[in-house]
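Asks: Okay, handing you the structure first.
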Amino acid sequence: MTRTPLLRLELRASPELAGTLLLLHAFAAACVAVVLPGAWGGALAALVAALGAATAWDRALLRSARSVRFLELHPAGVAVLGLADGSRLEGTVAARRNVNPWWVTLPLGGRAGRTLLVARDMLAEGDFRRLRIWALWGWVPGVAAPQFAA
């Protein structure tokens, strides 16, 4: 894509999201161990906990080669994801977005085919606000026009 993006956002690791993912997967693992006692239950609980660690590593801490490092938003709802391995994925952002004060989810169609969750601490405060406005209204607040000399 050669067009200039409306908004380019550099993502950073989210320790809060990583901790939440680990905590929720640990709770799910404990539930599995209670419901399914024995060796099979313990093995399944360990796998659930390992899934939580892998998810936190990839999606929250951005340490995987396929982790999203930057997001570019273009006109007409097109988004480009820049991955840690240098590749880029392009897709159209679906209309069903979840926007709240803590995170924004962007379901992408096309080649990207994934949902990107951007937590509040993954961006600077102003960038997170701009992303929320774009996700809700489809436009980015611009800089005021320069004032003319009197």
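Asks: Take Leu81 and tell me if it is of a type in the set (A, V, I, L, M), closer than 17 Å to Ala13 by Cα and in contact with a strand residue (DSSP E or B) (Cβ under 7 Å, 6 or more places away or on another chain).
Replies: Taking the combined requirement at face value, the residue satisfies it.
Asks: Restricting attention to the range 102-120, does a residue exist that is part of a helix (DSSP H, G or I), of a type outside the set (S, T, N, Q), under 22 Å from Leu17 (Cα atoms) and at pLDDT 95 or above?
Replies: Yes; the residues of the range 102-120 include at least one that is part of a helix (DSSP H, G or I), of a type outside the set (S, T, N, Q), under 22 Å from Leu17 (Cα atoms) and at pLDDT 95 or above.
Asks: For the range 77-108, enumerate the residues that are of a type in the set (Gly, Ala, Ser) and free of Cβ contacts under 8 Å to residues at least 60 places away in the same chain.
Replies: Once the filter is applied, which keeps residues that are of a type in the set (Gly, Ala, Ser) and free of Cβ contacts under 8 Å to residues at least 60 places away in the same chain, the range 77-108 yields Ala79, Gly82, Ala84, Gly86, Ser87, Gly91, Ala94, Ala95.
Asks: Within the range 36-65, which residues are within 28 Å of Leu6 (Cβ to Cβ), out of contact with any helix residue (DSSP H, G or I) (no Cβ under 7 Å at 6 or more places or on another chain) and without any contact (Cβ under 8 Å) to a residue 40 or more places away in the chain?
Replies: Answer for the range 36-65, where residues must be within 28 Å of Leu6 (Cβ to Cβ), out of contact with any helix residue (DSSP H, G or I) (no Cβ under 7 Å at 6 or more places or on another chain) and without any contact (Cβ under 8 Å) to a residue 40 or more places away in the chain: Asp58, Ala65.
Asks: Can you name the residue in the range 109-138 that is in contact (Cβ under 8 Å) with a residue 12 or more places away in the chain and surrounded by fewer than 12 Cβ atoms within 10 Å (Cβ to Cβ) and, of all such residues, is nearest to Leu73 (Cα to Cα)?
Replies: Per the stated criteria, the residue is Leu136.
Asks: Further, regarding this structure: Working carefully through the options Ser87, Ser64, find the one that is of a type in the set (S, T, N, Q) and over 19 Å from Ser14 (Cβ atoms).
Replies: On inspection, the qualifying residue turns out to be Ser87.
Asks: Being in a helix (DSSP H, G or I) and at pLDDT below 95 is the requirement here; does Ala56 meet it?
Replies: So Ala56 does not fit the description; no.
Asks: Exactly one condition in (1) over 16 Å from Ser67 (Cα atoms); (2) modelled with pLDDT of 95 or more is not met by Ala144; state its number.
Replies: Among (1) over 16 Å from Ser67 (Cα atoms); (2) modelled with pLDDT of 95 or more, the lone unmet condition for Ala144 is (2).
The values are calculated or read from the model by the stated rules, or taken from the named source; none is laboratory data. Every value quoted in this text rests on a predicted model; they were computed, and no experiment measured them. Here Cβ is always computed from backbone atoms with ideal geometry, including for glycine, and neighbour counts include all displayed protein chains.
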